[in-house]
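Asks: Encoded as structure tokens, here's the structure I'll be asking about.
The values are calculated or read from the model by the stated rules, or taken from the named source; none is laboratory data. All values reported here derive from a predicted model rather than from experimental measurement. Cβ sites come from the backbone with ideal geometry, for glycine too, and all protein chains shown count toward neighbours. Protein only, heavy atoms only, side chains kept; ligands, DNA and RNA dropped before computing areas. Shrake-Rupley method; radii C 1.70, N 1.55, O 1.52, S 1.80 Å.
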Amino acid sequence: MALNLPQLRAFVAVVDAGGFGAAAADLGLSQSAVSHAVASLERALAAPLVVRSTPVRTTAFGDAVLSHARAALAATDAISDAAARHEAATAGTVRLAATPTVCQGLLPSLLRHWSERLPAVRVRVFEGSSEEIDAWLASAAADAAVVVDPPAGGGALLATDPFLALLPRDHPLAEEETIHVGDLADDPLLLSPNGCERHVRAVHRLAGAEFAPARRVRGLGTLISMVQAGLGVSVLPEVSRPLVPDDLVLVRLAPCHSRRLVLCGPRERPWSPAVRALVDSVPRLPAEVTGPA
């Protein structure tokens, strides 16, 4: 038995209007379309629902079906109303803070996806260090953030982001599948301290290798240029891969160490419906948007 809402809506309209012509006018349809819908419903139920007189009246079976049809249509309208209210509530602007590597390597695909799936939500991106992001979220300067390794609970995991060795393509180890961090001890270590230094330090600690950066630079672009110039090697998270030029390579490091990138709202304040909509969308994101988690 195949029933559909247009059939039920036509049946109820015919009964309420007292005829097929008046029901057609109420529904904005042709009389033949309304007649066809009611006849299709009767065939599906294998029984007549109305007596085609003037005015139209229900059969005994039609009278029994009528209350259920009204309830089905009322439930459908209630669902549509709830969806409309939800869409209105989730509209607005979200000020989203993230680190430079996340902004450049991960957010473009996320923003494109959100613009398609949540068109009523406008996302404004603010780029800063991990310390700045925490301060912005706490002070309400930002509504949401992509944070690194937050405490358990709340938010949605965007990616598990491993750290890799950044080398010139002509480096002797550039063709290796995996490099032990100790094998880079003779290369000057160039470092960008924007939230990644503690992770690079952790990689060295896990390997029992000395952590002795030769140079620290704030900008990721400067760091990449220095590796291109042959001034040393570096360690970067996987999310930075789209920013790596063709004359450099990222190689898996041993021991493996990763960070968690989590989209969340503030810890001490309620999340706005728009922030909640962004966070709730993460489990449904296609794999290519964030990469493997």
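Asks: How do Asp143, Asp81, Asp186, Asp26 rank by accessible surface area computed with a 1.4 Å probe, from largest to smallest?
Replies: Asp186, Asp26, Asp81, Asp143
Asks: Indicate the gyration tensor shape class of region 14-75 (rounded, prolate or oblate), computed on the Cα atoms with a ≥ b ≥ c the square roots of the eigenvalues: a/c under 1.5 is rounded; otherwise a/b larger than b/c is prolate and the rest oblate.
Replies: Since a/c stays below 1.5, the shape of region 14-75 is classed as rounded.
Asks: Which log10 I(q)/I(0) values does region 29-116 give at q = 0.11, 0.12, 0.18 Å⁻¹ under the Debye formula, counting every alpha carbon as one identical point scatterer?
Replies: Each listed q corresponds, in turn, to -0.59, -0.63, -0.93.
Asks: Summing Lys, Arg as +1 and Asp, Glu as -1, what charge do residues with Cβ under 15 Å from the Cβ of Val12 carry, Val12 excluded?
Replies: -2
Asks: Output the Cα-based Rg and Dmax of region 150-272 in Å, rounding Rg to one decimal and Dmax to a whole number.
Replies: 15.6, 52
Asks: Using a 1.4 Å probe on the protein heavy atoms, what percent of the accessible area of region 112-203 belongs to carbon and sulfur?
Replies: For region 112-203, the apolar C and S fraction of the accessible surface comes to 48 percent.
Asks: Set the Förster radius R0 to 25 Å, insert the Cβ-Cβ distance between Glu176 and Arg201 as r into 1/(1 + (r/R0)^6), and round the FRET efficiency to 0.05.
Replies: 0.65
Asks: May I pose another question? Any idea what diffusion coefficient region 161-216 gets from Stokes-Einstein, in µm²/s, Kirkwood Rh on alpha carbon pairs, 20 °C, 1.002 mPa s?
Replies: Rounded to a whole number, D works out at 178 µm²/s.
Asks: Also: Can you give me the long-range amide H partners of Ala159? Hydrogens built in the peptide plane at 1.01 Å from N, cutoff under 5 Å, separation of 5 or more residues or another chain.
Replies: Leu261
Asks: At a Förster distance of 45 Å, what's the computed FRET efficiency of Ser53 paired with Ser80, Cβ-Cβ distance as r, to 0.05?
Replies: Here the calculated transfer efficiency is 0.85.
Asks: Please figure out what share of the DSSP beta bridges in the chain is antiparallel and state it in percent, rounded to the nearest 5.
Replies: In the chain, DSSP labels about 55 percent of beta bridges as antiparallel.
Asks: What number, in percent, do you get for the relative contact order of region 79-237 if the mean sequence gap of Cα pairs under 8 Å and at least 6 apart is divided by its residue count?
Replies: Here the relative contact order equals 23 percent.
Asks: Ok, one more. Just to confirm the number: angle between the C-alpha axis of helix 197-207 and the first principal axis of the chain, 0 to 90 degrees, nearest 10?
Replies: 70 degrees
Asks: Given springs between every Cα pair under 10 Å in a Gaussian network model of the chain, which of Thr76, Thr101, Thr59 has the largest fluctuation?
Replies: Looking only at Thr76, Thr101, Thr59, the biggest GNM fluctuation is shown by Thr59.
Asks: Local charge sum around Glu177 (other residues, Cβ-Cβ under 14 Å, Lys/Arg +1, Asp/Glu -1)?
Replies: Summing Lys and Arg as +1 and Asp and Glu as -1 gives -2.
Asks: Okay, moving on. Normalised by the residues of the chain, what does the relative contact order come to in percent, with Cα pairs under 8 Å and at least six apart?
Replies: Answer for the chain is 22 percent.
Asks: Counting Lys +1, Arg +1, Asp -1, Glu -1, what net charge surrounds Val239 among other residues with beta carbon under 13 Å of its beta carbon?
Replies: For residues surrounding Val239, the net value is +1.
Asks: Evaluate the distance, in nm, between pseudo-label points positioned 7 Å from the Cα of Thr93 and of Asp246 along their respective Cα→Cβ axes.
Replies: If labels sit at Thr93 and Asp246, their model points lie 4.0 nm apart.
Asks: Ala64 versus Glu131, label points 7 Å from Cα toward the beta carbon: distance in nm?
Replies: Distance between the two pseudo-spin positions: 7.7 nm.
Asks: Please report, largest first and rounded to whole Å, the three semi-axes of the ellipsoid equivalent to region 88-156, where each semi-axis is the square root of five times an eigenvalue of the C-alpha gyration tensor.
Replies: Working through the eigenvalues yields semi-axes of 20, 14, 12 Å.
Asks: Can you give the Rg to Rh ratio for the chain, taking only C-alpha atoms and Rh from Kirkwood?
Replies: 1.29
Asks: Could you order the peptides 114-120, 36-42 from most to least packed, using the average number of other C-beta atoms within 10 Å per residue?
Replies: 36-42, 114-120
Asks: Could you give the distance between the Cα centres of region 54-133 and region 216-242, to the whole Å?
Replies: 40 Å
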